[in-house]
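The values are calculated or read from the model by the stated rules, or taken from the named source; none is laboratory data. Please read all numbers here as calculations on a predicted model, not as lab measurements. Don't worry about glycine lacking a Cβ; one is built from the backbone with ideal geometry, like all the others, and counts go over all protein chains shown. When the accessible area is computed, the model is the full protein with side chains, heavy atoms only, and any ligands, DNA or RNA have been set aside. Shrake-Rupley method; radii C 1.70, N 1.55, O 1.52, S 1.80 Å.
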Amino acid sequence: MSEKKGINTMELTLLIVGSTIGSGVFGITSDLASAAAPGPAMVAWVIVGIGVLTLVLSLTNLSQKRPDLDSGIFSYAAAAFGPLGEFISGWAYWLSAWLGNIAFATITMSALGTFFPRLFTNGQNLFSIIVAIILTWFLTFLVNRGIESAAFINSIGTICKIIPLVVFVICVILGFKAGIFTADFWGNVTENLGSKVETGSIFDQIKASIMVMMWLFVGVEGASVLSSRAKTRTDAERASIFGLISLLVIYIVVSILPYGVMTRAQLAAGGQPVLGAIMQHLVGTWGAALISIGLIISVLVSWLSWTMLPAESLMLMADDQTLPTSWGEVNDKKAPTRALVITGILQSIFLFSLLFTSYAYNFAYTLCTAAILICYLLVGIYQMMYSWQHQEWGQFIIGLIATLFELMAMVLSGWKEVMVVSVGFIPGFFFYIQACKEFNHVISKKEKWAMGIIAIFAVISLVLVINGTISIN
């Protein structure tokens, strides 16, 4: 009997790591330093590590037990809650994907500011936004022509992610000073007025760190897709765990060691990409240039791939009859042109809104993370439901931890952002109702109640934004 062809544990681990690392690793240190001192940040990493591990284990388990559910991670929501559940998860995934591209755009413009400071300044002036919009449509055109699957482009992106990070880690280790690292380990020292750093209790610092860290794992759901290429189920499970451990090691080293190179206030004020500012401090201009070049190429490649993701999610939803058929129409290159154009228009509009926020990158990635948390929460719930039905109690506990973690992340760190994301569902419900009419699906009372509750949240969110309770700054 011939051995099943597939990817071994090591190869699959590298694929998972390469597909998950994005722009966030280049900016995590500044955002984390604004939120917490090294001690609370390390505690937060333990919590996030356990939470993301249970999510990955849930996705791996479900991909093995339900291979018939092949419409992305939102197919698990469909199995748990029906068509509206799939729509909510799929629409949230779509929102998260193109909002993530906004974060790509802002950090790319900031990196270009390293070389052209007069033109790009902080990366969110009018010139930067115009350039970002041009790039958005250029990448949309490339994806519409079917270029997103070119393997050599992804290989370039992976190399450009790894080389600057390796150089950065070596330089930070050589420049690390224990005295700086332990000077304010738990964040008890009051910073100077005007600093971006906010002192608070250890619990408050841990809370503030969670959403910052979760941004780094947006895309980790790709592990469940990649695991289907493995030789055996054991290879897939090992690769998922090894891949996550590798990601955690990379992220923790890059985000924690700089506390021993610069003060927390200096890191918080480092701007984006902060790794460039740290390299500037350690080795001079060439270090900052290396980080910026690596970041620009890496993000452009990731941006190209993620230009297809939101359009593909709309196409899958149309195939599953939760959006009108027209949303899933493809051209001769098998690219969903209509979905690409709709997403491109929304990204362009949102990019102009960044003129009115003081921290565009943070604003974009927090909304992106808040949206994806909804998808992850529904995965955890279905993991619990499936495991309960089949009396798999170990898997049930994994699903329970994953669900509680996603709820904790939404409530403690991102409730305001989750509230704002609810506004994005209002136009979506209009198209869902259109799809129901097209495919003769009768909307149940439960579905009407669910849409009504989300609509109420959206109205409350708008009121809170208007009166200043929720600030986009």
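Given the criterion within 18 Å of TRP215 (Cα to Cα) and either more than 24 Å from the chain's Cα centre (by Cα) or open to solvent by 20 Å² or more (accessible area, probe 1.4 Å) (or both), identify the matching residue among MET384, MET408.
Criteria check complete, one pass: MET408.
If you go through the range 368-388 and keep only what is modelled with pLDDT of 90 or more and closer than 18 Å to LEU139 by Cβ, you end up with nothing. The criterion of at least 1 residues that are open to solvent by 20 Å² or more (accessible area, probe 1.4 Å), under 24 Å from TRP215 (Cβ atoms) and free of Cβ contacts under 8 Å to residues at least 12 places away in the same chain is met, among helices (runs of 4 or more DSSP H) falling completely within the range 25-125, by 38-65. The requirement of being under 15 Å from VAL143 (Cα atoms), modelled with pLDDT under 90 and surrounded by 20 or more Cβ atoms within 10 Å (Cβ to Cβ) is not satisfied by PRO273.
Residue by residue, here is whether (1) touching a Cys at 6+ places or on another chain (Cβ under 8 Å); (2) aliphatic (A, V, I, L, M); (3) farther than 30 Å from ALA288 by Cα; (4) at pLDDT 90 or above holds:
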{"residue": "ILE21", "(1), (2), (3), (4)": "no, yes, no, no"}
{"residue": "ALA36", "(1), (2), (3), (4)": "no, yes, no, no"}
{"residue": "PRO67", "(1), (2), (3), (4)": "no, no, yes, no"}
{"residue": "PHE74", "(1), (2), (3), (4)": "yes, no, yes, no"}
{"residue": "ALA79", "(1), (2), (3), (4)": "no, yes, yes, yes"}
{"residue": "ASN101", "(1), (2), (3), (4)": "no, no, no, no"}
{"residue": "PHE116", "(1), (2), (3), (4)": "no, no, no, no"}
{"residue": "GLY123", "(1), (2), (3), (4)": "no, no, no, no"}
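Taken over the range 242-253, residues that are surrounded by fewer than 22 Cβ atoms within 10 Å (Cβ to Cβ) and in contact (Cβ under 8 Å) with a residue 12 or more places away in the chain amount to 6. Name the single residue, out of those in the range 452-473 being surrounded by fewer than 15 Cβ atoms within 10 Å (Cβ to Cβ) and hydroxyl-bearing (Ser, Thr, Tyr), that is modelled with the lowest pLDDT. Here the residue is SER471. Only one of the numbered conditions (1) under 26 Å from ILE50 (Cβ atoms); (2) open to solvent by 40 Å² or more (accessible area, probe 1.4 Å) is not met by VAL421, and that is (2).
Can you pull out every residue in the range 438-451 that is loosely packed, with under 11 Cβ neighbours inside 10 Å and either aromatic (Phe, Trp, Tyr) or in a helix (DSSP H, G or I) (or both)? Within the range 438-451, LYS445, TRP449 qualify. Could you check the range 181-225 and list, in sequence order, the residues that are under 30 Å from ILE372 (Cα atoms), surrounded by fewer than 22 Cβ atoms within 10 Å (Cβ to Cβ), in contact with a helix residue (DSSP H, G or I) (Cβ under 6 Å, 6 or more places away or on another chain) and at pLDDT below 70? If the condition is that a residue be under 30 Å from ILE372 (Cα atoms), surrounded by fewer than 22 Cβ atoms within 10 Å (Cβ to Cβ), in contact with a helix residue (DSSP H, G or I) (Cβ under 6 Å, 6 or more places away or on another chain) and at pLDDT below 70, then LYS196, GLY222 are the ones that fit.
With respect to ILE159, determine if the residue is outside any helix (DSSP H, G or I) and modelled with pLDDT under 80. Spelling it out, it is not the case that ILE159 is outside any helix (DSSP H, G or I) and modelled with pLDDT under 80.
Within the set SER298, SER305, the sole residue that is in contact (Cβ under 8 Å) with a residue 24 or more places away in the chain, open to solvent by less than 20 Å² (accessible area, probe 1.4 Å) and of a type in the set (S, T, N, Q) turns out to be SER298. Consider the range 445-473 and keep the residues that are without any contact (Cβ under 8 Å) to a residue 40 or more places away in the chain and small (Gly, Ala, Ser). The one that is nearest to LEU84 (Cα to Cα) is GLY452.
Pairing each residue of the range 210-221 that is closer than 18 Å to TRP303 by Cβ and in contact (Cβ under 8 Å) with a residue 24 or more places away in the chain with any residue that is aromatic (Phe, Trp, Tyr) and open to solvent by less than 10 Å² (accessible area, probe 1.4 Å), provided the two are 6+ apart or on different chains, yields C-beta distances under 7 Å for TRP215/TYR365; LEU216/TYR251. Candidates TYR359, TYR365: the one that is modelled with pLDDT under 80, closer than 21 Å to LEU126 by Cα and open to solvent by 10 Å² or more (accessible area, probe 1.4 Å) is TYR359.
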